[in-house]
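Pasting a structure here, questions to come.
Quick note: the coordinates plus some simple rules give every number you see, no bench work behind them. Since this is a predicted model, take the numbers as computed values, not measurements. Neighbour counts are summed over all protein chains in view; Cβ atoms, including those assigned to glycine, are modelled from backbone coordinates with ideal geometry.
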Amino acid sequence: MSRSFRSLLVAGAAGFIGSNFVRLLRRTRPEVEVVVLDKLTYAGNLANLAEFERTPGYRFVHGDICDVALVDQLAADVDAIVNFAAETHVDRSLMDPYAFIETDVRGTAVLCEAARKHRHQVMLLISTDEVYGEVREGRSKETDPFRPRSPYSASKAASEHIAMAYAESFGLPLLVTRSSNNYGPHQYPEKLIPVLITNAIDDRPLPLYNDGSAVRDYLFVEDGCRAIDEILFDAPIGAVYNVGTGAETTGLQVAEAVLDIMGKPRSLIEFVADRPGHDYRYALDISRVTELGWEPQVSFAEGLERTVRWYVEHEGWWRPLKSGEYWDYYRRNYRPLVS
Ligand code: NAD
Ligand code: DAU
């Protein structure tokens, strides 16, 4: 079974994963028209989509997923919505939770309402493994309960609840992905891996919270986008999928690997105050998504090398982002590090 779409609304695709997903879609399925809706927050960047400007079958709309009239108008002309749009950074959610509740929860409700009204084929919500909360032992299955512990993960859990309520109450044709930590080209330099790489390029300290022992499952973004594509086109309606590699890597292992690839000294690592409510481990059972025929193809060693090379070769992409508001955020988050 495989679906076909004439046209997709992809919300939040000026960000990291969404722009990588549009790149995959345009390359592999050029017959599908893509309408991108993005508010261009600090994390949204038109440079991520520059190669598609003025190409046939692609349109960018600058706007907010919370704008009911705009979303309704755009939804009238497409067969499905894929929602990447969200406030996404845990540390920022500890400083300004309201923005997360507005976009992640209310914005998802606006998209669900439009998808229901216009009888879309699919509403695909891009969610996160963080909805399960910290997992000290074992692996989270899709049927496990939600135990979110940060304003970010609580807002993502709430967005899933809203979407699932639409599926139950109105038959919304919902699909959900719960992914682990994506990394790769075009990631805004506030998440761990691009912070470490761009700081190392400048010989700045590499900040690790507490002792750097928190475990994540790092997924190369191209692999993550292939899973989203597989689920969008082939998964049975109503299904939820964990997406990850199954590997476990600590922050300290990531920092050491970055420094080794770049030939920089380990003394650049600096242990800093912990993130409040820090989840020390996420781990996913990925058997359901592998039954669809997907599996990760890029090892962490290869993905990290490719990512380091991309940041080294694209200073013109990230350097302008590390200015102004970025340093206000950085000082608040890593106060002891910045003089
Ligand atoms: P990102 O922060 O790089 O990009 C988010 C995008 O959403 C930006 O382009 C931003 O401008 C846009 N946006 C924010 N608020 C908006 C609004 N109100 N209306 C329209 N656009 C808005 O995010 P990302 O890392 O690419 O994550 C994409 C999605 O995947 C998010 O839903 C996130 O929760 C989820 N996710 C991310 C990861 C990860 O490791 N990055 C892992 C699992 C799930
Ligand atoms: O797990 C999926 C989630 O991964 C996504 O839903 C989120 O949108 C995404 O931001 C990410 O959340 P994390 O909190 O796991 O990612 P982050 O890169 O912020 O942190 C990864 C780990 O590294 C975590 O244990 C905290 C630690 N860390 C992070 C930063 C920014 C540090 O030690 N130092 C840092 O400077």
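Name the long-range amide H neighbours of VAL122: under 5 Å, sequence gap of 5 or more, or other chain; modelled H, no Pro or chain starts.
ILE81
Something else about it: Assuming a ≥ b ≥ c are the square roots of the Cα gyration tensor eigenvalues, decide whether the chain counts as rounded (a/c under 1.5), prolate (otherwise, with a/b larger than b/c) or oblate.
Prolate shape, in that a/c is at least 1.5 and a/b is the bigger ratio.
So, one more: Which FRET efficiency value, to the nearest 0.05, is calculated for ARG27 and VAL61 with the Förster distance at 30 angstrom and r the Cβ-Cβ distance? If you can, show how the numbers build up before the last one.
Values: r = 22 Å, r/R0 = 0.73.
After rounding, the FRET efficiency stands at 0.85.
Of the trypsin sites (Lys or Arg not before Pro) in segment 116-146, which ones lie in a loop per DSSP and count no more than 15 other C-beta atoms within 10 Å? Walk me through the numbers on the way to the answer.
Working: sites: ARG116, LYS117, ARG119, ARG136, ARG139, LYS141; in loops: ARG119, ARG136, ARG139, LYS141.
Those that pass, being in a loop and sparsely packed, are ARG119, ARG136, LYS141.
Using +1 on the beta carbon of Lys and Arg, -1 on that of Asp and Glu, and nothing else charged, what's the dipole of segment 17-114 about the Cα centre, debye to 20?
Values: 9 positive and 16 negative charges, 88 e Å.
That gives segment 17-114 a dipole magnitude of about 420 debye.
Quick one: if you stick a label point 7 Å off each Cα along the C-beta vector at MET262 and SER169, how many nm between them?
Label at MET262, label at SER169, 4.9 nm between them.
Taking the 0 to 90 degree range and rounding to the nearest ten, how far is the long axis of helix 221-234 tilted relative to the main principal axis of the chain, both from C-alpha atoms?
So the helix axis and the longest Cα principal axis differ by about 20 degrees.
For n ≥ 4 DSSP H runs only, could you compute -39500 (n - 2.57) per run for the chain, divide by its residues and tell me the 222 nm figure to the nearest 500? Write down the numbers at each step before the final one.
Details: 13 runs with 129 residues, N = 339.
The per-residue figure over the chain is -11000 deg cm²/dmol.
Would you please state which residues of segment 55-84 a label at SER4 would reach in this model, taking the label point 7 Å out along Cα→Cβ and a backbone N cut-off of under 18 Å?
57, 78-80
Can you tell me how much longer the chain between ARG149 and GLU53 gets when fully stretched, taken as 0.36 nm per residue apart minus their C-alpha distance, in nm with one decimal?
Details: separation 96, 0.36 × 96 = 34.56 nm, distance 3.93 nm.
So the chain would gain 30.6 nm between ARG149 and GLU53.
Now for a separate question. Filter the trypsin sites (Lys or Arg not before Pro) in segment 1-107 down to the DSSP loop ones having no more than 15 other Cβ atoms within 10 Å, then list what survives. Let's see the in-between values first.
On the way: sites: ARG3, ARG6, ARG23, ARG26, ARG27, LYS39, ARG54, ARG59, ARG92, ARG106; in loops: ARG3, ARG6, LYS39, ARG54.
Passing both the DSSP loop test and the Cβ count: ARG3, ARG6, ARG54.
Continuing with this model, one more query. In whole Hz and in residue order, list the ³J(HN,Hα) couplings for segment 9-18 that follow from phi through the Karplus curve 6.51 cos²θ - 1.76 cosθ + 1.60, θ = phi - 60°; x for Gly and Pro.
Those phi angles translate into 9, 10, 8, x, 7, 7, x, 5, 6, x Hz.
Apply 1/(1 + (r/R0)^6) to the Cβ-Cβ distance of ALA247 and ASP211, taking R0 = 30 Å, and write down the FRET efficiency to the nearest 0.05. Walk me through the numbers on the way to the answer.
Values: r = 20 Å, r/R0 = 0.68.
Working from the Cβ atoms, E equals 0.90.
Under the classification rounded if a/c is under 1.5, otherwise prolate if a/b is larger than b/c and oblate if not, where does segment 272-318 fall, given a ≥ b ≥ c as square roots of the Cα gyration tensor eigenvalues? Please list the in-between numbers first.
Details: a/c = 3.00, a/b = 1.15, b/c = 2.60.
Since a/c reaches 1.5 but b/c is at least a/b, the shape of segment 272-318 is classed as oblate.
Here's something else I'd like to know. Going by a ≥ b ≥ c, the root eigenvalues of the Cα gyration tensor, does segment 218-339 fall in the rounded group (a/c under 1.5), the prolate group (a/b larger than b/c) or the oblate group?
On the way: a/c = 1.90, a/b = 1.77, b/c = 1.07.
Here segment 218-339 falls in the prolate category.
Taking the Cα-to-Cβ direction at GLU137 and at PHE271 and moving 7 Å from each Cα, how far apart do the two end points lie in nm?
Label at GLU137, label at PHE271, 2.6 nm between them.
Still on this model: Search the structure for amide H atoms under 5 Å from the amide H of ASN182, placed 1.01 Å from N in the peptide plane, and list their residues when 5 or more places away or on another chain.
Under 5 Å from the amide H of ASN182: LEU219.
With r defined as the distance between the Cβ atoms of GLU302 and MET95 and R0 fixed at 30 Å, what FRET efficiency is calculated, to the nearest 0.05? The partial results should precede the final answer.
On the way: r = 35 Å, r/R0 = 1.16.
The value I calculate is 0.30.
Name the residues whose placed amide hydrogens come within less than 5 Å of the amide hydrogen of LEU206, ignoring near sequence neighbours (fewer than 5 apart) on the same chain.
Amide H neighbours of LEU206: ILE269, GLU270.
Now, a different point. Report the Rg/Rh value for segment 131-222, based on alpha-carbon coordinates and the Kirkwood definition of Rh.
Numbers: Rg = 16.7 Å, Rh = 15.9 Å.
When Rh is taken as the Kirkwood radius, the ratio is 1.05.
Segment 118-208: which GluC sites (Glu not before Pro) are DSSP loop and have at most 11 other beta-carbon atoms within 10 angstrom?
Values: sites: GLU130, GLU134, GLU137, GLU142, GLU160, GLU168, GLU190; in loops: GLU134, GLU137, GLU142, GLU190.
Loop-located and lightly packed - GLU137.
If you take the charge dipole of segment 37-99 about its Cα centre, with +1 on Lys and Arg Cβ and -1 on Asp and Glu Cβ, which of ALA86, ALA47, VAL68 is farthest toward its positive end?
Towards the positive end, the residue furthest out is ALA47.
Relative to the longest principal axis of the C-alpha atoms of the chain, give the angle of the C-alpha long axis of helix 108-117, reported between 0 and 90° and rounded to the nearest 10°.
Between the helix axis and the principal axis of the chain, the angle is about 20 degrees.
Ok, one more. How far, in degrees from 0 to 90, does helix 151-170 lean away from the longest principal axis of the Cα atoms of the chain, to the nearest 10?
Once rounded, the angle reads 10 degrees.
Related question: Would you mind counting up the charge near THR250? Only other residues with Cβ under 12 Å from its Cβ, with Lys and Arg at +1 and Asp and Glu at -1. Don't skip to the end; give the middle numbers.
Values: positive: ARG216, ARG281; negative: ASP211, ASP217, GLU248, GLU256.
After counting each charged neighbour, the total is -2.
Now for a separate question. Could you please report the charge total around LYS264, scoring K, R as +1 and D, E as -1 over all other residues with beta-carbon less than 11 angstrom from its beta-carbon? Let's see the in-between values first.
Values: positive: ARG204, ARG266; negative: ASP202, ASP203, GLU256, ASP260.
Residues near LYS264 contribute -2 overall.
Then there is this: Would you mind working out the magnitude of the charge dipole of the chain relative to its Cα centre, with +1 at each Lys and Arg C-beta and -1 at each Asp and Glu C-beta, to the nearest 20 Debye?
Numbers: 37 positive and 49 negative charges, 54 e Å.
Using only the charged Cβ atoms, the result is roughly 260 debye.
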